[in-house]
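A.B. asks: Quick one: the structure is below, and I'll ask about it shortly.
The values are calculated or read from the model by the stated rules, or taken from the named source; none is laboratory data. Keep in mind that what you see is a predicted model, and the values were worked out from it rather than measured. Here Cβ is always computed from backbone atoms with ideal geometry, including for glycine, and neighbour counts include all displayed protein chains. Ligands, DNA and RNA are stripped out before the accessible areas are found, and what is left, the full protein with its side chains, is counted by its heavy atoms. Shrake-Rupley method; radii C 1.70, N 1.55, O 1.52, S 1.80 Å.
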Amino acid sequence: MKRRMTPHPPAAKGDSLARIALIATIASVFVILPGGLFQFALPKIALLSFAVALGLFVPSPARLHPAAAWAAAAVFVTFAVSALASDGFGPGFWGRWPRYEGVPTVAVYLLLLAAGARLFGPGAHAGRRARWAGYLSWAMMAMAALAIIEGLGARPFGENEGVRPGGFLGNATDMGLVGLMGCTVLLPAAVWKRSAREIAGTCSGALIAVASGSRAVMLVLLGIGLAVLGYRAVVQWRTHRSLKPVAILGGALAVTALLATAFPLVRDRILTSDTVTGRLELWTVTWDLLQKHLLIGVGPGRFVDALPAVQTKTFAARVGTDYPADSPHLIVLQWWADGGVMLVLANLALCTALVAVAILNLQRSAGADRLFLVGSLAAVTAFAAVLMTHVPSPGTTAIAALSAGALAAAPARSTDTTRNPDASKGRGRLIQVAGAASCTLIGGAAVLAASAELPLKSAANDIYAGNLIRASGSFDTAGSLRPWDGDVALLAGQAFAGRASAGDPAAGRLAASWAAKSLKHNPGSVESLVSLAVGQLASGEVEQARHTLAFARQLAPVNSQVWLQSGLAEHAAGDTPQAVSSVEKAVSLTPDPAEELRILDALRHELAAQETGP
């Protein structure tokens with residue numbers, strides 16, 4: 001007997017707009033800027049902003065529950081006030097390279113909750129949920145294909161062979177998190193409805209999650225998968241005395257995961273614990289930092305500059321200081337660092353409201369609606385769990401925030417208790433228009449800002465080829481496209497410093513010039529101070545370099561690069577014994593001292609020759 005086909009629900013008013021908004025949301029995960037220095041964050045912010053603007057205008061009888069809406073507003077206001085208090089309309093407000101999660105981006109994240117409520121809330125057209133599941137299924141299959149290609153060694157986005165590839169996200173854990181959320185959204189429908197498309201999407205998401213090599217992602221996948229499949233097995237056994245359907249799907253997921261572990265980088269990572277101990281060290285020094293800023297935090301975007309002051313010798317030796325962390329990699333600590341106790345409380349209030357409304361919606365739902373909400377809840381839970389060891393980003397937050405909005409939706413008429421419905425409707429329309437207009441402006445600004453990545457990449461190539469003047473001009477162009485972004489000057493200083501360290505005086509002068517511009521935006525940047533010192537040494541300004549590095553050592557007492565450059569500065573000044581001492585310090589403050597040991601060996605030979613004489 002043939003299975004009867006379920007007819008598609010008739011199109012609803014505004015369905016075309018909803019379709020475009022959903023396509024744009026899922027496309028934001030894939031969009032990149034080919035040829036850019038960092039291809040990932042700003043293009044995603046731009047497309048996601050436009051998707052939210054469209055989603056806010058989709059006709060719907062649902063909206064974000066007032067409790068969640070007020071909590072989201074509290075999060076935004078607290079974050080914005082903290083950013084303004086830290087540096088006005090500076091790096092903290094607009095966001096820092098490379099993720100640019102400043103006030104505009106956080107606004108898009110929060111408005112995505114409202115868009116999700118309108119698209120998927122009570123009374124919304126059922127076809128939208130089915131369509132979203134379809135888009136996610138195809139997206140997971142496409143990402144899985146790329147994950148397989150990268151797992152076999154190809155690097156279409158230019159990563160080094162020894163680095164875990166990140167697909168369209170630029171980061172392996174981000175890629176795994178998107179796969180995990182796609183898998184968990186689709187898993188309930190795959191288990192109960194046994195739709196071929198949802199099953200394929202679920203297995204593809206699981207493959208992506210495991211292929212990422214992220215232990216946090218794999219553990220959450222295992223936990224949620226066992227919970228859903230276990231519950232379905234109990235129900236299936238009670239009703240049909242057969243576990244065959246559950247066993248087949250569970251076996252397919254297990255085989256998919258095992259196939260992904262065949263990739264060398266994934267297999268090697270599963271057997272190591274380096275990042276686990278690194279996270280513990282990072283959380284310890286972060287707490288030391290927050291104890292000095294318990295009430296107000298250090299401000300959005302300031303963590304990367306504030307952390308070096310509290311890093312310990314143990315942290316430097318085990319984790320390293322060459323690649324500074326821009327987040328604590330634990331979401332509660334990130335809230336605390338960005339906005340202090342008030343931002344933590346505001347975010348906890350939002351989480352509480354989301355959970356409370358989600359429980360109510362789950363209790364009132366049945367059938368396909370309940371499967372959708374369970375999948376959404378699983379995705380949000382997975383996102384929150386992984387953020388206990390990771391950071392949010394524009395590529396990963398899209399699916400999580402849209403799912404959270406669906407969970408926290410409520411019928412508009414049931415929550416309207418005002419005496420003047422027309423006035424309430426007018427206020428709601430004003431908020432809707434203001435939110436959509438803001439997202440449109442943010443999207444346009446993000447497009448312009450993203451275009452700066454092209455001259456940044458061109459400048460990097462020119463420096464490598466020795467075309468220093470043209471490279472500086474390209475950095476000027478990038479700075480004019482992002483006049484609010486002091487990190488353009490930081491990147492320029494670092495790029496020229498790389499060539500200057502090989503003894504190029506012209507590169508040294510440009511490194512010093514650009515680093516000085518960066519320090520005007522951000523006087524406490526240890527990275528820019530190192531670039532400035534390298535440039536000063538290369539251009540013969542030895543005493544200025546020594547003064548710069550003395551200041552850098554006050555801000556970052558255990559930074560290996562600061563001590564290494566200090567040793568080189570002392571050597572240039574003729575004090576070889578002090579140079580040896582400083583480089584020995586640098587060796588003790590890094591887990592990979594190959595460069596430092598090479599320089600130390602040369603300095604020791606020179607010192608020995610000086611002591612023995614001719």
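Residue-by-condition table, conditions (1) open to solvent by 60 Å² or more (accessible area, probe 1.4 Å); (2) farther than 29 Å from Leu84 by Cβ; (3) modelled with pLDDT of 95 or more:
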site	(1), (2), (3)
Asp268	yes, yes, no
Thr321	no, yes, no
Ala325	no, no, no
Leu333	no, no, yes
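A.B. asks: Somewhere in region 336-352, is a residue over 16 Å from the mean Cα position of the chain (by Cα), farther than 22 Å from Phe76 by Cα and open to solvent by less than 20 Å² (accessible area, probe 1.4 Å)?
C.D. replies: No, region 336-352 has no match at all.
Yes/no matrix, rows are residues, columns are (1) out of contact with any Cys (no Cβ under 8 Å at 6 or more places or on another chain); (2) open to solvent by 10 Å² or more (accessible area, probe 1.4 Å); (3) outside any loop (DSSP other than H, G, I, E, B); (4) touching a residue at least 24 places away in the same chain (Cβ under 8 Å):
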| residue | (1), (2), (3), (4) |
| --- | --- |
| Leu112 | yes, no, yes, yes |
| Ala117 | yes, no, yes, yes |
| Arg128 | yes, no, yes, yes |
| Met141 | yes, yes, yes, yes |
| Leu146 | yes, yes, yes, no |
| Pro156 | yes, yes, no, no |
| Gly176 | yes, no, yes, yes |
| Leu180 | yes, no, yes, yes |
| Leu186 | yes, no, yes, yes |
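A.B. asks: Taking the conditions exactly as written (more than 20 Å from Asp326 (Cα to Cα), aromatic (Phe, Trp, Tyr) and either under 16 Å from the mean Cα position of the chain (by Cα) or surrounded by fewer than 20 Cβ atoms within 10 Å (Cβ to Cβ) (or both)), does Trp97 satisfy them or not? Step through it out loud before you land on a result.
C.D. replies: Values: more than 20 Å from Asp326 (Cα to Cα): no; aromatic (Phe, Trp, Tyr): yes; either under 16 Å from the mean Cα position of the chain (by Cα) or surrounded by fewer than 20 Cβ atoms within 10 Å (Cβ to Cβ) (or both): yes.
Spelling it out, it is not the case that Trp97 is more than 20 Å from Asp326 (Cα to Cα), aromatic (Phe, Trp, Tyr) and either under 16 Å from the mean Cα position of the chain (by Cα) or surrounded by fewer than 20 Cβ atoms within 10 Å (Cβ to Cβ) (or both).
Conditions (1) of a type outside the set (Lys, Arg); (2) over 20 Å from Trp94 (Cβ atoms); (3) touching a Leu at 6+ places or on another chain (Cβ under 7 Å); (4) in contact (Cβ under 8 Å) with a residue 12 or more places away in the chain, marked per residue:
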residue: Ile463; (1), (2), (3), (4): yes, yes, no, yes
residue: Ser472; (1), (2), (3), (4): yes, yes, yes, yes
residue: Ala478; (1), (2), (3), (4): yes, no, yes, yes
residue: Arg482; (1), (2), (3), (4): no, no, no, yes
residue: Ala497; (1), (2), (3), (4): yes, yes, no, yes
residue: Gly503; (1), (2), (3), (4): yes, yes, no, yes
residue: Arg509; (1), (2), (3), (4): no, yes, no, yes
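A.B. asks: Pick out the one residue from Val380, Val374, Val391 that is at pLDDT 90 or above and assigned to a loop (DSSP other than H, G, I, E, B).
C.D. replies: Only one candidate passes the filter, namely Val391.
A.B. asks: Any idea which of Leu22, Leu48, Leu42 is open to solvent by less than 50 Å² (accessible area, probe 1.4 Å), modelled with pLDDT of 95 or more, closer than 30 Å to Gln494 by Cα and not hydroxyl-bearing (Ser, Thr, Tyr)?
C.D. replies: Leu42
A.B. asks: When you go through (1) over 26 Å from Ile149 (Cα atoms); (2) of a type outside the set (Gly, Ala, Ser); (3) modelled with pLDDT under 95; (4) crowded, with 19+ Cβ neighbours inside 10 Å one by one for Thr256, which number turns out not to apply?
C.D. replies: So the condition that Thr256 fails would be (1).
A.B. asks: May I ask you to list the residues in region 426-458 that are more than 30 Å from Phe38 (Cα to Cα) and open to solvent by less than 30 Å² (accessible area, probe 1.4 Å)?
C.D. replies: Taking region 426-458 and keeping what is more than 30 Å from Phe38 (Cα to Cα), we get 426-434.
Once the filter is applied, which keeps residues that are more than 30 Å from Phe38 (Cα to Cα) and open to solvent by less than 30 Å² (accessible area, probe 1.4 Å), region 426-458 yields only Gln432.
A.B. asks: Considering only region 284-299, I want to know if a residue exists there that is of a type in the set (D, E, K, R), farther than 21 Å from Gly166 by Cα, at pLDDT 75 or above and not in a loop (DSSP other than H, G, I, E, B).
C.D. replies: Yes: region 284-299 contains one or more residues that are of a type in the set (D, E, K, R), farther than 21 Å from Gly166 by Cα, at pLDDT 75 or above and not in a loop (DSSP other than H, G, I, E, B).
A.B. asks: Check off (1) part of a helix (DSSP H, G or I); (2) under 28 Å from Phe40 (Cα atoms) for Val191 and give me the number that stays unchecked.
C.D. replies: (2)
Residue-wise test of (1) under 18 Å from Ala252 (Cα atoms); (2) modelled with pLDDT of 90 or more.
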{"position": "Met141", "(1), (2)": "yes, yes"}
{"position": "Arg194", "(1), (2)": "yes, no"}
{"position": "Val217", "(1), (2)": "no, yes"}
{"position": "Leu229", "(1), (2)": "yes, no"}
{"position": "Arg232", "(1), (2)": "yes, no"}
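A.B. asks: Then there's this: Quick check on Ala385: is it modelled with pLDDT of 90 or more and under 17 Å from the mean Cα position of the chain (by Cα)?
C.D. replies: Answer is yes for this residue.
A.B. asks: Identify all residues within region 564-587 that are under 34 Å from the mean Cα position of the chain (by Cα) and open to solvent by less than 50 Å² (accessible area, probe 1.4 Å); write none if there are none.
C.D. replies: Leu564, Gln565, Ser566, Ala586, Val587
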